[in-house]
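The values are calculated or read from the model by the stated rules, or taken from the named source; none is laboratory data. Fair warning: this is a prediction, and the values are worked out from it, not measured in the lab. Neighbour counts are summed over all protein chains in view; Cβ atoms, including those assigned to glycine, are modelled from backbone coordinates with ideal geometry. The area values use the complete protein model at the heavy-atom level, side chains included, leaving out ligands, DNA and RNA. Shrake-Rupley method; radii C 1.70, N 1.55, O 1.52, S 1.80 Å.
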Amino acid sequence: MRSTSTAMSPAFKMTLRVLTALALVVIYVPLLLVVVNSFNASQTFAWPPSDLTLEWWRKAADSEGAKDAIVTSVQVALIASAISLVLGTMAAMALQRYRFFGRDTVSLLIILPIALPGIVTGIALNNAFRTVFGLDLGFLTIVVAHATFCIVTVFNNVLARLRRVGTNLEEASADLGASTFTTFRLVTFPMMRSALIAGGLLAFALSFDEIIVTTFTAGPQEQTLPIWIFNNLFRPNQAPIVNVVAVVLILLSVIPIWISQKLAGATDGLAGR
Amino acid sequence: MNHPTKTERTEAPERDREEQGPPAVSLRGLRKEFGSVVAVDGIDLDIANGEFFAMLGPSGSGKTTVLRMVAGFEVPTDGRVELGGVDVTRQAPFSRDVNTVFQDYALFPHMTVAQNVEYGLRVKRVPRAERRTRAQEALEKVRLGQFGSRRPGQLSGGQRQRVALARAIVNRPKVLLLDEPLGALDLKLRREMQVELKQLQRDLGITFLFVTHDQEEALTMSDRIAVFNEGRIEQVATPRDLYELPATPFVAGFVGTSNVIDGDAATKLLGEPGTFSVRPEKIQLHLDAAHVPTHHAVTAAGVVREVVYLGSATQSIVDLDHGGSLIVLRQNQQSSEEGDVAGRGAHVHLSWSREHTVSVVPASPDE
């Protein structure tokens with residue numbers, strides 16, 4: 001930061017500051033509004049709030065629908081992340097450590113689901129699950145659908161780490177007499193660990209607030225939190241509870257991202273070069 | 001796999017071969033291609049037990065690839081690698097009784113220094129107590145006895161280098177492979193480590209196979225040196241022979257500074273055609289032809305083009321009247337010698353003894 005500051009004119013610096021501030025305001029003021037409204041005593045969210053209350057939080061805690069939705073969402077996110085960790089790591093190792101025909105294509109195909117429009121993925125999976133595999137839409141189909149795009153975050157994180165660490169340490173391990181599996185256990189895996197955690201947390205957050213693909217792959221019985229919110233948003237007596245649930249959703253999404261950022265920063269010196 | 005390089009193979013000292021059976025490392029017709037690039041082009045080499053052997057060459061000459069094939073990281077396209085008479089060409093690195101000191105050290109950053117050193121013993125299931133003792137011994141051998149609990153990231157470059165050394169020797173391998181181990185150190189530290197490495201090798205009696213591009217390093221430490229060029233060995237010889245009797249123009253030019261005399265100049269100066277090498281310090285420079293010593297059979301007159309003061313010595317470049325030029329190096333023993341006054345433009349006489357003219361024959365690149 002400091003070193004570039006001399007190259008910028010004061011006016012330019014000022015413009016940058018204002019634009020950054022504006023962007024942050026546009027993004028975060030509405031979120032803040034949701035948080036404040038979850039304590040707003042007025043059921044119609046009169047602004048500014050005349051009084052603050054914990055009533056909505058109490059009601060939300062009693063709402064079976066909301067609680068079920070949270071549990072479903074957490075379960076889906078955990079299982080989808082776990083699947084992504086295993087498959088994403090294996091794919092990254094295969095693509096980084098071995099050269100084979102069609103390697104670049106495979107790499108692209110793995111990353112693509114995160115770029116594909118959710119609605120396309122949703123419709124495609126919906127069709128495939130029902131007609132090709134003959135599955136009933138439900139918990140399992142949500143998990144599989146989420147895993148398709150959650151793999152990407154794990155894959156990307158692990159790939160970047162493997163690329164940075166290189167093969168020197170693995171060669172050193174083999175040179176000292178360690179078999180391939182021992183090398184993975186004692187060297188490769190420890191070197192990847194923080195990348196796995198970061199990728200896994202991102203995958204969790206991604207799954208937790210997904211709504212489009214979920215809409216097409218969830219059965220009538222299963223409701224994830226975002227879907228529950230969407231369904232209850234326009235019911236007047238549920239609206240205050242929706243605000244509370246939204247705050248919970250914000251927290252559950254932000255915390256993993258925050259932790260994974262911390263980890264990514266803390267491990268920059270990891271390679272020890 | 002015979003190719004007619006005019007390699008003078010200097011054999012390992014006779015006593016070593018008598019008592020120690022098969023060579024520690026034996027390479028036969030070793031070849032490695034990466035796609036269409038031939039990195040190693042038919043290497044035959046025997047390294048005796050307990051020898052400090054250097055593979056010297058410019059970058060891209062194939063020396064590191066040979067080392068990696070001995071370690072097992074690369075599979076040869078053709079040829080054999082034998083360790084102590086056993087063919088290991090297809091063996092995985094972890095089944096070979098060799099250890100490597102890597103150029104970038106490759107210490108495990110998530111382990112302490114002690115854990116790094118113990119690693120080889122740990123994966124071979126050596127009991128904990130024994131591996132503690134042996135790791136500590138190895139660390140003390142490289143004068144890092146107090147550093148076991150540190151992380152590699154907390155050590156200086158020189159210390160890391162010594163940890164890498166300890167991590168390798170703790171396994172008591174038959175052969176220690178060193179891939180430019182001193183390359184990342186500054187000059188002073190490098191000089192110290194050269195002496196230390198040599199001492200360590202003598203103490204341990206392990207065969208050292210050492211890769212370097214630094215001719216000085218190779219000359220100071222090695223029992224024998226193989227000079228690599230474009231995937232082939234130009235010459236294998238003791239440091240003294242390599243310097244005094246270079247077999248090819250490449251060796252003459254790569255090991256130390258050399259004057260190569262060929263074509264017309266050779267016939268005029270030396271009375272016979274061919275390619276010859278003479279070291280700059282063998283040539284004497286005189287202002288007066290009468291001062292040329294009588295035993296100096298080769299003489300040439302010329303004009304000084306450039307004088308470079310190097311501290312301990314002075315280097316002069318002399319354009320010969322016959323054509324061509326020679327580099328002359330003279331120790332600055334006294335400041336009043338004639339050489340000093342032979343400034344730019346001075347007419348001088350060069351002379352040297354015939355025995356210092358070495359006939360060099362280019363290694364023919366084709367079979």
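For region B:24-83, please list each of the strands (runs of 3 or more DSSP E) lying entirely inside it that holds at least 3 residues being under 23 Å from B:Gln194 (Cα atoms) and in the same structural domain as B:Gln235 (by TED's automatic domain parsing). Show your work before the answer.
Working: elements: B:25-34, B:37-47, B:52-56, B:78-83.
Hits in region B:24-83: B:52-56.
Somewhere in region B:242-255, is a residue within 26 Å of B:Gly343 (Cβ to Cβ) and of a type outside the set (Lys, Arg)?
Kept after step one, since they are within 26 Å of B:Gly343 (Cβ to Cβ), are these residues of region B:242-255: none.
No, region B:242-255 contains no residue that is within 26 Å of B:Gly343 (Cβ to Cβ) and of a type outside the set (Lys, Arg).
Name the residues in region B:66-97 that are away from chain A (no Cβ under 14 Å) and either in contact with a Cys (Cβ under 8 Å, 6 or more places away or on another chain) or not hydrophobic (A, V, I, L, M, F, W, C) (or both), would you? Full working, then the answer.
Residues of region B:66-97 away from chain A (no Cβ under 14 Å): B:66, B:76-82, B:84-87, B:89-90.
Within region B:66-97, B:Pro76, B:Thr77, B:Asp78, B:Gly79, B:Arg80, B:Glu82, B:Gly84, B:Gly85, B:Asp87, B:Thr89, B:Arg90 meet the criteria.
Could you say whether any residue in region A:265-273 is closer than 30 Å to B:Asp104 by Cα, part of a helix (DSSP H, G or I) and more than 11 Å from chain B (Cβ to nearest Cβ)? Explain how you work it out, then say what you get.
Restricting attention to region A:265-273, the residues satisfying the condition of being closer than 30 Å to B:Asp104 by Cα are A:265-273.
With part of a helix (DSSP H, G or I) added as a condition, the list becomes A:265-266.
If we keep only those that are more than 11 Å from chain B (Cβ to nearest Cβ) as well, we get A:265-266.
Yes, the conditions are met somewhere in region A:265-273.
Does region A:163-170 contain any residue that is part of a helix (DSSP H, G or I) and more than 13 Å from chain B (Cβ to nearest Cβ)? Spell out how you get there, then give the answer.
In the first step, residues of region A:163-170 are kept if they are part of a helix (DSSP H, G or I); the result is A:163-165, A:168-170.
Then drop every residue that is not more than 13 Å from chain B (Cβ to nearest Cβ), which leaves A:163.
Among the residues of region A:163-170, at least one is part of a helix (DSSP H, G or I) and more than 13 Å from chain B (Cβ to nearest Cβ), which makes the answer yes.
Only residues that are at negative phi, open to solvent by 30 Å² or more (accessible area, probe 1.4 Å) and among the small types (Gly, Ala, Ser): list them for region B:294-319, please.
B:Ala297, B:Ala301, B:Ser312
Among the residues of region B:98-135, which ones are more than 8 Å from chain A (Cβ to nearest Cβ), in contact with a strand residue (DSSP E or B) (Cβ under 8 Å, 6 or more places away or on another chain) and within 16 Å of B:Leu200 (Cβ to Cβ)?
Residue satisfying the conditions is B:Val101 alone.
When you go through (1) surrounded by fewer than 24 Cβ atoms within 10 Å (Cβ to Cβ); (2) over 19 Å from the mean Cα position of the chain (by Cα) one by one for A:Asp209, which number turns out not to apply?
Exception for A:Asp209: condition (2).
Check every one of the helices (runs of 4 or more DSSP H) wholly within region A:1-108 and list those with 1 or more residues that are surrounded by 14 or more Cβ atoms within 10 Å (Cβ to Cβ) and not aromatic (Phe, Trp, Tyr). Give the derivation first.
Working: elements: A:2-5, A:10-37, A:55-62, A:64-97.
Output list reads A:10-37, A:55-62, A:64-97.
Go through region A:179-195 and report how many residues are open to solvent by 70 Å² or more (accessible area, probe 1.4 Å) and polar (S, T, N, Q).
The initial filter retains those residues of region A:179-195 that are open to solvent by 70 Å² or more (accessible area, probe 1.4 Å), namely A:180-181, A:185, A:189, A:193.
From what is left, the residues that are polar (S, T, N, Q) are A:180.
Final tally of qualifying residues: 1.
As an exercise: evaluate A:Gly122 against (1) within 22 Å of A:Met192 (Cβ to Cβ); (2) open to solvent by less than 30 Å² (accessible area, probe 1.4 Å); (3) of a type in the set (Gly, Ala, Ser) and give the number of the one condition it does not meet.
(1)
Quick one: which strands (runs of 3 or more DSSP E) sit completely within region B:238-293 and have at least 1 residues that are free of Cβ contacts under 8 Å to residues at least 40 places away in the same chain, touching a strand residue (DSSP E or B) at 6+ places or on another chain (Cβ under 7 Å) and of a type outside the set (Gly, Ala, Ser)? Don't jump to the end; show me each part of the working.
On the way: elements: B:259-261, B:276-278, B:284-286.
Counting at least 1 such residues, we get no strands (runs of 3 or more DSSP E) at all.
Show the residue pairs that are 6+ apart or on different chains and have beta-carbon atoms under 6 Å apart, the first residue being within region A:20-47 and under 16 Å from A:Leu251 (Cβ atoms), the second being open to solvent by less than 80 Å² (accessible area, probe 1.4 Å) and not in a helix (DSSP H, G or I).
That search, which allows pairs on different chains as well, returns A:Asn37/A:Phe45.
Out of region B:136-162, which residues are of a type in the set (D, E, K, R) and either under 18 Å from B:Gly120 (Cα atoms) or away from chain A (no Cβ under 14 Å) (or both)? Explain how you work it out, then say what you get.
Here is the first cut: in region B:136-162, the residues of a type in the set (D, E, K, R) are B:137, B:140-141, B:143, B:150-151, B:160, B:162.
B:Glu137, B:Glu140, B:Lys141, B:Arg143, B:Arg151, B:Arg160, B:Arg162 - these are the residues of region B:136-162 that are of a type in the set (D, E, K, R) and either under 18 Å from B:Gly120 (Cα atoms) or away from chain A (no Cβ under 14 Å) (or both).
Only one of (1) in a loop (DSSP other than H, G, I, E, B); (2) out of contact with any helix residue (DSSP H, G or I) (no Cβ under 6 Å at 6 or more places or on another chain); (3) open to solvent by 40 Å² or more (accessible area, probe 1.4 Å); (4) within 26 Å of B:Pro249 (Cα to Cα) fails for B:His322. Which number is that?
Tallying (1) in a loop (DSSP other than H, G, I, E, B); (2) out of contact with any helix residue (DSSP H, G or I) (no Cβ under 6 Å at 6 or more places or on another chain); (3) open to solvent by 40 Å² or more (accessible area, probe 1.4 Å); (4) within 26 Å of B:Pro249 (Cα to Cα), B:His322 fails exactly one: (2).
Let me confirm something: among A:Thr6, A:Thr44, which residue is modelled with pLDDT under 90 and under 30 Å from A:Thr215 (Cβ atoms)?
Only one candidate passes the filter, namely A:Thr44.
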